[in-house]
Amino acid sequence: MPTLRALVLCCTLKPSPAPSSAELLGREVLTALSDHDVDGEVVRVVDHDVRFGVSTDEGDGDQWPTIREKLLAAQVLVIATPIWLGQPSSVCKMVLERLDAELSETDAQGRLRTFGKVAAVAVVGNEDGAHHVTAEVLQALNDVGFTVAASASTYWVGEAMGKTDYADAGPKPDTTGAATKALAANTAHLARLLAGHPYPAS
């Protein structure tokens, strides 16, 4: 069984080396994917000079093209984002805006270069809103050509108005952990199917 490649884009607002619950959950997804012959890496977007815009390269030292190369080499994209004010983080929204450029990028058969890539989402926050954030992010990723598997999200939210981070909450094997395992199994399965049987030419 060939090994597939995954890219986890961590959309925390915190530069490294600050701890990030979003990165922690993203890494847990990557670990779960490894059980299905998928390897990859986590990129904390805020550690890179990614410019605002809707092109593949905004110039003047924009580092999105380097991240985009990793994305194009992967079969799986995972967006890991915190919740702020009930919304995906501003970094996550910037990533989605940059992915808008993929609507103008096609392969030799006229297909979007994102066709055949499978997307999933990991969300953390200290108040409710995980379903809303998941819906926003998955819809945007589908709009720009990514395919979404069944149960393609995992999340953890703490008590409303609480201060506990996911990293401090302790293992949640029957809830977040179970969702992460389902995400990994279904996403890897679909990515492997699409790798062997691409979408038809446009």
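The values are calculated or read from the model by the stated rules, or taken from the named source; none is laboratory data. Being a predicted model, the structure only gives us computed values, none of them experimental. A quick note on method: Cβ atoms are made from the backbone with ideal geometry, for glycine too, and the neighbour counts reach across all protein chains shown. Ligands, DNA and RNA are excluded from the accessible area calculation, which covers all protein heavy atoms including side chains. Shrake-Rupley method; radii C 1.70, N 1.55, O 1.52, S 1.80 Å.
I'd like to check which strands (runs of 3 or more DSSP E) are fully inside the range 1-106 and have at least 2 residues that are modelled with pLDDT of 95 or more and open to solvent by 30 Å² or more (accessible area, probe 1.4 Å).
Qualifying strands (runs of 3 or more DSSP E): 38-44.
Check residue 201 against each of (1) among the hydrophobic types (A, V, I, L, M, F, W, C); (2) farther than 20 Å from residue 23 by Cβ; (3) not in a loop (DSSP other than H, G, I, E, B) and name the one condition it does not meet.
(3)
Do we have any residue at all in the range 147-159 that's within 16 Å of residue 124 (Cβ to Cβ), open to solvent by 30 Å² or more (accessible area, probe 1.4 Å) and hydroxyl-bearing (Ser, Thr, Tyr)?
yes
Being within 23 Å of residue 164 (Cβ to Cβ) and among the polar types (S, T, N, Q) narrows it down to one of 87, 75, 109, 63, so name that one.
Residue meeting the stated conditions: 87.
Test residue 113 against the criterion of being out of contact with any strand residue (DSSP E or B) (no Cβ under 8 Å at 6 or more places or on another chain) and either open to solvent by 10 Å² or more (accessible area, probe 1.4 Å) or without any contact (Cβ under 8 Å) to a residue 60 or more places away in the chain (or both), and give yes or no.
No.
Might you check whether a residue that is more than 21 Å from residue 83 (Cβ to Cβ) and modelled with pLDDT of 95 or more occurs anywhere in the range 119-142?
No, the range 119-142 contains no residue that is more than 21 Å from residue 83 (Cβ to Cβ) and modelled with pLDDT of 95 or more.
Which pairs have Cβ atoms under 7 Å, sit 6 or more apart or on different chains, and link a residue in the range 142-166 that is closer than 30 Å to residue 110 by Cβ to one that is buried (at least 19 other Cβ atoms within 10 Å of the Cβ) and of a type in the set (Ser, Thr, Tyr)?
Short answer, once both residue conditions are applied: 144/114; 145/114; 146/114; 149/187; 152/187.
Looking at this structure, is residue 44 closer than 16 Å to residue 139 by Cα, among the basic types (Lys, Arg) and under 14 Å from the mean Cα position of the chain (by Cα)?
Taking the combined requirement at face value, the residue does not satisfy it.
When you look at residue 15, is it touching an Asp or Glu at 6+ places or on another chain (Cβ under 6 Å), without any contact (Cβ under 8 Å) to a residue 40 or more places away in the chain, under 28 Å from residue 132 (Cβ atoms) and not hydroxyl-bearing (Ser, Thr, Tyr), yes or no?
yes
Among (1) in contact with a helix residue (DSSP H, G or I) (Cβ under 9 Å, 6 or more places away or on another chain); (2) outside any loop (DSSP other than H, G, I, E, B), which single condition is residue 138 missing?
Going through the list (1) in contact with a helix residue (DSSP H, G or I) (Cβ under 9 Å, 6 or more places away or on another chain); (2) outside any loop (DSSP other than H, G, I, E, B), residue 138 breaks only (1).
Report, by residue number, each residue of the range 160-179 that is open to solvent by 60 Å² or more (accessible area, probe 1.4 Å) and among the hydroxyl-bearing types (Ser, Thr, Tyr).
164, 175
Spot the failing condition for residue 127; the list is (1) touching a residue at least 12 places away in the same chain (Cβ under 8 Å); (2) surrounded by fewer than 18 Cβ atoms within 10 Å (Cβ to Cβ); (3) on the phi > 0 side of the Ramachandran plot; (4) in a loop (DSSP other than H, G, I, E, B), and only one is missed.
Status for residue 127: all satisfied but (3).
For the range 173-190, state whether one or more residues are under 21 Å from the mean Cα position of the chain (by Cα), more than 16 Å from residue 122 (Cα to Cα) and part of a helix (DSSP H, G or I).
yes
Considering only residues that are closer than 17 Å to residue 24 by Cβ and touching a residue at least 40 places away in the same chain (Cβ under 8 Å), which ones fall in the range 178-202?
Scanning the range 178-202 gives 180, 181, 183, 184.
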